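The structure under discussion appears below in the form of structure tokens.
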Amino acid sequence: MQDQKNISEFKANQQTIIENKALSFSEALLPVVLLMGLLFYNIMFAEGALLGDYSNQFILLIGGAIAAVVGFYNKVPLTLMLSEIWENLKSVFIPILILCLVGALGGTWLVSGVIPAMVYYGLQVLSPEIFLPASVIISAIISIATGSSWTTSATVGIALIGIGNALGINPGMIAGAVISGAYFGDKMSPLSDTTNLAPAMAGTDLFSHIKYMTITTVPTILVTLVVFSVLSFTIDTSGSADLSHLLDTIDTTFNISPWLFLVPLCVIGLILLKTKPLLALSAGVLLAAVFAFIFQPEILNALGDSQLSAVITSIFTDTQITTDNEKLNDLFAAGGIKGMLWTILLIICAMVFGGIMDGIGALSRITSALLAVASSVFGLFASTVISCLGLNAIASDQYLAIVIPGKMFKKAYEDKGLAPENLSRTLEDSGTVTSVLIPWNTCGAYQSGVLGVDVGEYFIYAIFNWLSPFTTLLFAALRIKIKLIVSK
């Protein structure tokens with residue numbers, strides 16, 4: 001049992017970390033074990049429908065309820081748990097709005113002909129033999145320029161998924177290539193929020209951090225490109241032989257014009273000018289709506305009682321444009337904001353679970369236990385990686401997966417004479433990039449929702465993301481480029 005003196009907290013970059021000295025390690029781990037057990041059973045034995053269409057959401061709430069019971073047993077005030085839930089929910093308010101805009105973007109870009117135009121011209125440029133490595137490179141360039149893996153997926157990612165589907169390439173492969181490139185660029189861009197957050201937590205400067213990251217990041221992306229190059233030459237595509245028919249169908253269904261590329265170029269340009277994502281994406285929706293009236297009046301007339309109602313429908317709910325090709329029918333469908341509701345609810349439920357776990361002090365307790373067994377240099381690196389991976393799964397948020405280990409492990413790295421760049425690099429190699437591999441993490445939920453590919457489908461193909469933690473551990477084990485503190 002505890003009293004109020006056993007609870008302390010500190011804030012970093014608007015993230016609150018609760019420490020609870022009375023909570024045992026087994027109590028902190030209990031909600032996690034039960035949550036993972038239920039999620040595993042739901043995925044492996046119930047085909048994701050243990051509790052209906054929203055099984056994962058309900059399971060996260062059940063996990064939160066179990067964590068709350070543990071908290072009540074340890075006399076944690078309900079107000080503290082509710083406060084942390086509220087802080088978590090506030091932290092995802094903007095991402096949820098972005099998700100809504102991405103849903104609207106998908107609908108308006110479809111009825112305006114933007115997505116069909118991307119597919120039409122992309123099919124003529126990107127052959128199956130180079131498609132996957134080209135997707136990695138294109139996504140990396142856009143992500144470095146914008147500093148955002150989310151923006152990359154919402155723009156070129158959607159287009160690449162459409163082109164790859166038309167070529168008959170496995171959607172999981174395409175999504176894995178897009179995500180690999182996007183997260184490489186996100187890590188290496190000075191415009192990225194996580195790339196700025198990691199050195200701030202570790203105690204180093206931004207450009208020293210980026211320079212030191214290249215030691216592990218460049219070999220990892222090169223391996224990724226080699227693997228995707230091999231896959232591109234070995235995959236059996238079904239779309240290339242039918243290419244002319246696909247192009248004819250797109251051309252006869254839509255009014256295809258290079259002018260349609262002004263819409264995505266406008267969005268990317270606004271992001272490069274450091275316009276807030278909400279404004280940039282809103283501009284993309286509005287401009288696409290205007291282009292729909294100009295370029296696709298026949299499509300709008302076929303979709304609704306009026307052209308205006310068809311555009312509004314594309315923003316908020318389901319839109320289906322039917323062609324004489326079944327493959328294109330699957331591609332030319334969008335869910336609007338409605339299509340993002342499952343993902344939004346998943347994020348909200350994950351924030352509830354993560355908030356309660358933080359509120360009862362479980363996140364801090366689990367990380368502290370890992371720190372206690374880190375006796376060697378390699379053990380310290382391994383504990384940091386495990387903490388980041390665990391917090392991505394438990395707290396469902398990549399920022400907490402950087403902030404908590406960053407604060408907890410900073411002193412330990414100093415005590416072993418390790419420069420802060422070691423910690424900041426490890427936080428990125430294991431915290432930032434693996435967030436997208438957890439289905440209920442905000443990043444995993446976002447990417448799967450935007451790209452229309454389940455995490456389970458792209459997991460093995462997100463090569464850069466799952467390989468990065470192994471690379472950083474390999475370099476630590478072999479003591480390659482482990483920077484030491486220089487005595488002054």
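The values are calculated or read from the model by the stated rules, or taken from the named source; none is laboratory data. The shown structure was predicted, so the numbers you read here are calculated from the model rather than taken from an experiment. Reconstructed Cβ throughout: ideal geometry from the backbone, glycine too, with neighbour counts over all protein chains shown. Heavy atoms of the whole protein, side chains included, go into the accessibility calculation; ligands, DNA and RNA do not. Shrake-Rupley method; radii C 1.70, N 1.55, O 1.52, S 1.80 Å.
Remarks
- Between Lys21 and Leu478, the modelled label-to-label distance comes to 4.5 nm, taking each label 7 Å out from Cα in the direction of the beta carbon.
- Lys, Arg +1 and Asp, Glu -1 on Cβ, resulting dipole of segment 214-328 about Cα centre, debye, nearest 20: 740
- Rolling a 1.4 Å probe over the heavy atoms of the protein chains gives the chain an accessible area of 40 Å² per residue.
- Classification of segment 86-209 by its C-alpha gyration tensor yields an oblate form. The axis ratio a/c (a ≥ b ≥ c) is 1.5 or more, and b/c is at least a/b.
- Computed over segment 369-488: relative contact order in percent, which uses C-alpha pairs under 8 Å that are six or more apart: 27
- Taking only protein heavy atoms and a 1.4 Å probe, the accessible area of the chain is 66% carbon and sulfur.
- Only helical runs count toward this figure. For the chain, summing -39,500 (n - 2.57) over DSSP H runs of n ≥ 4 and dividing by all residues gives -22500 deg cm²/dmol at 222 nm.
- Here the Debye sum runs over all C-alpha atoms of segment 323-364 as equal scatterers in vacuum, and log10 of I(q)/I(0) at q = 0.13 Å⁻¹ comes out as -0.51.
- Positive-pole candidate from Ser468, Ala200, Ile299, dipole of the chain, charges at beta carbon: Ala200
- Efficiency of FRET between Val69 and Ile235 - r from beta-carbon atoms, R0 60 angstrom, step 0.05: 0.75
- Taking the Cα centre of the chain as reference, the dipole from Cβ charges on Lys and Arg (+1) and Asp and Glu (-1) amounts to some 2000 debye.
- Across q = 0.24, 0.28, 0.30 Å⁻¹, segment 61-112 modelled as identical point scatterers on its alpha-carbon atoms has Debye log10 I(q)/I(0) values of -0.89, -1.01, -1.06, in the order of the q list.
- Remark: segment 181-236 is approximated by an ellipsoid whose semi-axes, taken from the C-alpha gyration tensor as √(5λ), come to 29, 11, 7 Å, largest first.
- Derived scalar couplings ³J(HN,Hα) [segment 204-216; Karplus, 6.51 cos²θ - 1.76 cosθ + 1.60; whole Hz; x for Gly, Pro]: 10, 9, 4, 6, 5, 4, 4, 4, 6, 5, 4, 4, 9
- Contour minus Cα-Cα distance for Phe293 and Lys276 (0.36 nm per residue): 3.5 nm
- Nearest-0.05 FRET efficiency for Leu265 and Glu414, computed from C-beta distance (R0 56 Å): 0.75
- For the chain, relative contact order (Cα pairs under 8 Å, six or more residues apart, normalised by length) works out to 25 percent.
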